[in-house]
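Step one of this worksheet: look at the structure below.
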Amino acid sequence: MTDAAGDLPDLDMDLFYDVVFAMGFDRPEPGFSRQQPSARGGHIPIALDAPFGERGPMLFRFGDMLSLLFNWSTVQSGMRVSDPDHLLFDYTRMMMAFRLFRPDPCRIEMIGFGGGSLAKACYRALPDCDISVVEIDPQVIALRERFRIPDDDHRFRVIHADGVEFVSKDPGRPDVLLVDCRFALRIDPGFSSRIDPGGSYVPLYGT
């Protein structure tokens, strides 16, 4: 896991959000691509891929960034193609701050998969930790290879299920429960009571 992009050039995130916002109105055909002029000079190659049609999750390439979009204008996740483990968005780095209180958890449960930024960070940084990720949308799970997410193994698994039902019924006692999903407000704060004593409950930042 990397917490900084090192010597890689900065991404023009203001332009990125401007382009995504415009796509919500223009509704370009899946498969479109162009060279986007940049105020910093030169052009940035952009492209839109909709492997499941425009009603499903879409992949938007913006130079060195691959993002996961819902409903044209909702940015669910983002990854630097040249540094797939870098935590691109501030909120993901904030959620990883649970390590200040629980630096070496034995078991992590994660509700919400998306582009797998937090899943990859935990997998790389915590080699002795058992990690379960729950995602309700099978199309999102199907995109895991595009976001360089590791295959399931003896300590890492992605489960297709409703996160609310999983947390309510599964008998597990994780050290850390990360809730990173569009429906985070559905997560009952009482779920924190199922965490192992001394563990951490980390809901999506801002909810």
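The values are calculated or read from the model by the stated rules, or taken from the named source; none is laboratory data. Predicted, not measured: the structure shown is a model, and the values here were computed from it. When we count neighbours, we look across all protein chains shown, and the Cβ atoms used for this are built from the backbone with ideal geometry, even at glycine. What goes into the accessible areas is simple: the full protein's heavy atoms, side chains included, and nothing from ligands, DNA or RNA. Shrake-Rupley method; radii C 1.70, N 1.55, O 1.52, S 1.80 Å.
At-a-glance table
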{"item": "Contour minus Cα-Cα distance for residue 139 and residue 39 (0.36 nm per residue)", "result": "32.5 nm"}
{"item": "Per-residue SASA entry for residue 131, accessible area with 1.4 Å probe, Å² rounded to 10", "result": "0"}
{"item": "Cα-centre dipole for the chain with unit charges at Cβ (Lys and Arg positive, Asp and Glu negative), debye to 20", "result": "160"}
{"item": "Exposed-site-free run, longest, the chain (rule: trypsin sites (Lys or Arg not before Pro); DSSP loop; at most 13 other C-beta within 10 Å)", "result": "56-207"}
{"item": "Share of carbon and sulfur in the accessible heavy-atom surface of the chain [1.4 Å probe, %]", "result": "52"}
{"item": "Where N is the number of residues in segment 99-190, Cα Rg divided by 2.2 N^0.38 Å", "result": "1.02"}
{"item": "Among 78, 41, 115, residue whose mean-square fluctuation peaks in a GNM of the chain (springs only between Cα atoms under 10 Å)", "result": "41"}
{"item": "Euclidean distance of C-alpha centroids, segment 97-129 and segment 55-83, integer Å", "result": "22"}
{"item": "Inter-label distance for residue 27 and residue 125, nm, one decimal - labels placed 7 Å from Cα along Cα-to-Cβ", "result": "4.1"}
{"item": "Approximate shape of the chain as ellipsoid semi-axes (Cα gyration tensor, √5λ), whole Å, largest first", "result": "31, 19, 15"}
{"item": "Rounded accessible area per residue of the chain, 1.4 Å, Å²", "result": "50"}
{"item": "Antiparallel DSSP beta bridges within the chain, as percent of all bridges there, nearest 5", "result": "55"}
{"item": "Descending principal axes extents, segment 19-130, alpha-carbon based, whole Å", "result": "46, 34, 18"}
